[in-house]
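In what follows, a structure is listed as structure tokens, so that the remarks can point back to it.
Rule-based calculations on the coordinates, nothing more; no lab input. These numbers were taken from a predicted model, which means no experiment stands behind them. Cβ placement follows ideal geometry from the backbone for every residue including glycine, while neighbour counts extend to all protein chains displayed.
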Amino acid sequence: MVKKSIAAMVTICLFIVCFALPVQARYSETNSIVMSLTYGSNSANCSITITGESWVTGIDKVNVALKDSSGSVVKEWKNLSCTGSTFRFNKSASLSGKGTYTLSFTGTVHGDTDERVSDSITKTYR
């Protein structure tokens, strides 16, 4: 019984090692994107941090939108920017009621090349 369990575990480990695909980086100039969408008292707290690689000189043309489940814009922030390699955004928006909301952004990271970045997060306000 123990030998069968060990053999099964070894087989599973070999399967994972042999067939695991390497994860490719999504962006070459951008190290990480962290987004947060939280709720409280009929408001949405929207947070975005874009961290570029060490050689990034700035992040600009950042457009942020909070939309409801029908795609209508609740709040927009346009043409935001920063110098250096880290862009931080933290704003709140009033909500008309409960529902599902999406926080999204697009922007340009300036390093060795100009790289367009974008992401979104969707959460339900209950």
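Here the stretch 29-125 is treated as a sphere whose radius is the Kirkwood value from Cα pairs; by Stokes-Einstein at 25 °C and 0.890 mPa s it diffuses with a coefficient of 180 µm²/s. When Lys78, Lys91 are sorted by how many other C-beta atoms sit within 10 angstrom of their C-beta, beginning with the fewest, the order is Lys78, Lys91.
Just to confirm a number: summing +1 for Lys and Arg and -1 for Asp and Glu over residues other than Ser81 whose beta-carbon lies under 9 angstrom from that of Ser81, what do you get?
My count for the surroundings of Ser81 gives 0.
Residues in the stretch 117-126 carry Karplus couplings, in order, of 10, 7, 6, 8, 9, 10, 9, 9, 8, 10 Hz; the curve used is 6.51 cos²θ - 1.76 cosθ + 1.60 with θ = phi - 60°, and Gly or Pro positions show x. Projecting the Cα atoms of Ser43, Trp77, Val117 onto the dipole axis of the stretch 29-125, where Lys and Arg carry +1 and Asp and Glu carry -1 at the beta carbon, places Ser43 farthest toward the positive end. Length gained on full extension, Ser41 to Thr102, computed as 0.36 nm times the residue gap minus the Cα-Cα distance: 20.2 nm. Per-residue 3J(HN,Hα) values for the stretch 86-96, derived from phi via the Karplus relation 6.51 cos²θ - 1.76 cosθ + 1.60 with θ = phi - 60°, read 10, 9, 10, 10, 8, 9, 10, 9, 6, 10, 7 Hz in sequence order (x marks Gly and Pro). Label positions at Asp119 and Trp77, each projected 7 Å from the Cα along the C-beta direction, are separated by 1.5 nm. Summary value for the stretch 29-125: 33 percent relative contact order, contacts being C-alpha pairs under 8 angstrom separated by 6+ residues. Sparse packing (at most 15 other Cβ atoms within 10 Å of the Cβ) combined with a DSSP loop state is found for the following chymotrypsin sites (Phe, Trp or Tyr not before Pro) in the stretch 55-112: Trp55.
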